[in-house]
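Trainee: Just passing along the structure, written as structure tokens.
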Amino acid sequence: QGFNGKLAFAIAASAFGSSFQHGYNTGVLNNPQKIIEEWIQTTMQNRTNQLPAESTVTLVFSILVSIFCIGGMIGGGITGVVSDKFGRKGGLLLNNVLVVLATVCEASAKAAGSYELIILGRFLIGINAGLNAGLAPMYLAEISPVNLRGAVGTVYQLVITISILIAQILGLQSILGTKETWPTLLAITIVPAIFQMVTLPFCPESPKYLLLSKGKEAESQKALTWFRGTAAVHDEMDMMRAEAEAMRLLPKVTMRELISNNALRIPLIISLTVMCAQQLSGINAVMFFSSKIFSMAGLNEINSMYATLGMGGINVLMTVVSLFLVEKAGRKTLLLIGFGGMAIDTTLLTIGMLFAGEKNPVVSIFCVIFVLIYVVMFAIGPGSIPWFLVSELFNQSARPTASSLAVCVNWTANWLVGLAFLPLSDLMGSSVFVIFIVLQVLFLFFIYKKVPETKNKTLEEISAMFRQQSYQ
């Protein structure tokens, strides 16, 4: 109910053009890592006439990878300002300027003999991805009917999983992961930006933003009529007017207000914890270093690569499944199943890794299965729900500021996992996953105790929950 062609078009225009950048640039450097490191080494040698130390090349490549997350933190941090000033749709369109600049830097880096250009390009595309991570779920939540809000919100994570898989496939040596074509692999990030710049202008701005932030009632009703495919939008307009009236009695929500006001602080703590949980569950350790995990489990290089592609495919498939489950089972249920399943599975994986190797091929196969089950559990709920849960827990006046904080925290946790996992795995071996098991159990307990079910609830009903004693 409420789903139609125009809404589907708006979802595709906003989600594909934004979350594709997030996922594609997360996975694009995995397969061509050795080739790019060799090019960095050659570039350094040409400049100094001396062969650089291997540690220096590794450091430059590490900066190349991690600068994307630092850009994401900055992008997430300015989401509130951009969404208030330019709107949700306007912010998404303007954000594509960063993609164009990043593509020029990355595509010309090899010809210019400058790895610094790739670092700059990755930083710019990181800011773009951070902004997208706040703006796109906000836009999707505000254009969706209440009964489809969870399913539509899941689309953001679905496109991330698809784009990671595309990056992994295109990065194969048989396709674009070669010495000649890797700049093209990086430059493909312009394609979704072009798609969004062509399609999104045909979609209206968020009706809630038009009414509640700009006071444009006629434009808001026109936009809502477009999204619903019917002129019978009076009930929904009445609900938005009631929210607008309530907002007029409240001042603009600042960061200080979010922290000091109990009715806002509790959903803020929930939002930030769930965002942390998504990253500190260990998913990016598995995604970034899947080949290393599979080799630790005893697989050879070619089999590791195919296992990684299989993992990406399962991630996409299960995110599609979660799109249908989220409105039936509910948000909290799927988060509990996901984190509970990951905790059990990661425990089995840790035990398996102790015995895996050439002498125990059966155990190695089980370790690969455990990694795939881990991805299934993550995709069921923890992968998609945090992105739109923030938009569900806050009203219009607090949503941009809360989204800024939540996205910034998500990218910071992402960066910390990327930074710490390899040194810790060298130090602890397969026991490194014990850290994730402990965190998963703690997050599971927090979700059980504190996260409310928001399925089919209006924003006023959700706000009323936080005024009850059970959430104090």
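The values are calculated or read from the model by the stated rules, or taken from the named source; none is laboratory data. All figures in this text were calculated on a predicted structure; none of them were measured in a lab. Neighbour counts are summed over all protein chains in view; Cβ atoms, including those assigned to glycine, are modelled from backbone coordinates with ideal geometry. These area figures cover heavy atoms from the full protein model, side chains too; ligands, DNA and RNA do not enter into them. Shrake-Rupley method; radii C 1.70, N 1.55, O 1.52, S 1.80 Å.
Trainee: Tell me, what does the Kirkwood hydrodynamic radius of region 317-421 come to in angstroms if you use every pair of distinct C-alpha atoms? Present the calculation step by step, with values, prior to reporting the outcome.
Mentor: Working: mean 1/r = 0.0633 Å⁻¹.
Mean inverse Cα-Cα distance, inverted, gives 15.8 Å.
Trainee: I'd like to know which of LEU101, SER391, TYR156 lies farthest towards the positive end of the charge dipole of the chain, counting +1 on Cβ of Lys and Arg and -1 on Cβ of Asp and Glu.
Mentor: SER391
Trainee: Let me ask you something else. Per-residue HN-Hα couplings for region 84-100, Karplus 6.51 cos²θ - 1.76 cosθ + 1.60 at θ = phi - 60°, whole Hz, x for Gly and Pro?
Mentor: With the stated coefficients, region 84-100 comes to 6, 7, 10, x, 6, 5, x, x, 4, 5, 4, 4, 5, 4, 5, 5, 4 Hz.
Trainee: Sticking with this one: Which order do you get for MET377, MET342 if you rank them by accessible area with a 1.4 Å probe, largest at the top? It would help to have the intermediate numbers written out before the result.
Mentor: Numbers: MET377 45, MET342 0 Å².
Listed by decreasing accessible area, they come as MET377, MET342.
Trainee: Equivalent-ellipsoid semi-axes (√(5λ), Cα gyration tensor) for region 1-158, whole Å, largest first?
Mentor: Values: eigenvalues 276, 42, 30 Å².
Value: 37, 14, 12 Å, ordered largest first.
Trainee: Can you list the HN-Hα couplings for region 151-157, worked out from phi with the Karplus curve (6.51, -1.76, 1.60; θ = phi - 60°), rounded to whole Hz and with x for Gly and Pro?
Mentor: Result, rounded to whole Hz: 4, 5, x, 5, 4, 4, 5.
Trainee: Over the chain, calculate the relative contact order: mean separation of alpha carbon pairs under 8 Å at least 6 apart, over the residue count, as a percent. Display every interim value, and only then the final one.
Mentor: Working: 741 pairs, mean separation 111.7, N = 472.
Relative contact order, the chain: 24 percent.
Trainee: What number results when the radius of gyration of the chain, computed over Cα atoms, is divided by 2.2 N^0.38 Å?
Mentor: On the way: Rg = 22.4 Å, N = 472, 2.2 N^0.38 = 22.8 Å.
So the chain has a normalised radius of gyration of 0.98.
Trainee: Something else now. Enter the angle in degrees (range 0 to 90, nearest 10) between the Cα long axis of helix 54-77 and the first principal axis of the Cα atoms of the chain, meaning the one along which they spread out most.
Mentor: The angle comes out at about 0 degrees.
Trainee: How would TRP387, TRP39 line up by accessible area, probe 1.4 Å, largest first? Please report the intermediate quantities before stating the final value.
Mentor: On the way: TRP387 10, TRP39 30 Å².
Descending accessible area places them as TRP39, TRP387.
Trainee: From the phi of every residue in region 411-422, what ³J(HN,Hα) in whole Hz does the Karplus formula 6.51 cos²θ - 1.76 cosθ + 1.60 yield, where θ is phi - 60° and glycine or proline is x?
Mentor: Karplus-based 3J(HN,Hα) across region 411-422 equals 5, 5, 5, 4, 4, 5, 5, x, 6, 8, 5, 4 Hz.
Trainee: Under 12 Å Cα to Cα from LYS214, which aspartates and glutamates show up? Leave out anything in the same chain fewer than 8 places away.
Mentor: Within reach: ASP84, GLU205.
Trainee: Among the lysines, which have Cα under 24 Å from the Cα of LYS449 when same-chain residues fewer than 8 positions away are ignored?
Mentor: In chain and number order, the partners are LYS328, LYS332, LYS457.
Trainee: Now a separate question. Out of residues 5 or more away from SER206 or on other chains, whose amide H comes under 5 Å of its own, with H placed 1.01 Å from N in the peptide plane?
Mentor: Those qualifying (amide H under 5 Å, at least 5 residues apart or on another chain) are ARG88, LYS89.
Trainee: What do you reckon, how do PHE227, PHE86 stack up by accessible area (1.4 Å probe), largest on top? Provide the component values of the computation, followed by the final result.
Mentor: Details: PHE227 0, PHE86 95 Å².
Of PHE227, PHE86, the descending order of accessible area is PHE86, PHE227.
Trainee: In straight Cα distance, which lysines are under 26 Å from LYS34, not counting same-chain residues fewer than 8 positions off?
Mentor: LYS110, LYS179, LYS292
Trainee: Kirkwood hydrodynamic radius for region 323-374: how many Å is it when counted over pairs of different Cα atoms? Each step should come with its number before you reach the end.
Mentor: Numbers: mean 1/r = 0.0815 Å⁻¹.
Here the Kirkwood hydrodynamic radius works out to 12.3 Å.
Trainee: Which of the listed residues, VAL28, ALA167, PHE227, is farthest toward the dipole's positive end in the chain, when Lys, Arg count +1 and Asp, Glu count -1 at the beta-carbon?
Mentor: Result: PHE227, furthest along the dipole toward the positive end.
Trainee: Per DSSP H run of at least 4 residues, take -39500 (n - 2.57); add these up for the chain, divide by its residues and hand me the 222 nm value, nearest 500 deg cm²/dmol. Write down the numbers at each step before the final one.
Mentor: Values: 22 runs with 368 residues, N = 472.
Rounded to the nearest 500, it is -26000 deg cm²/dmol.
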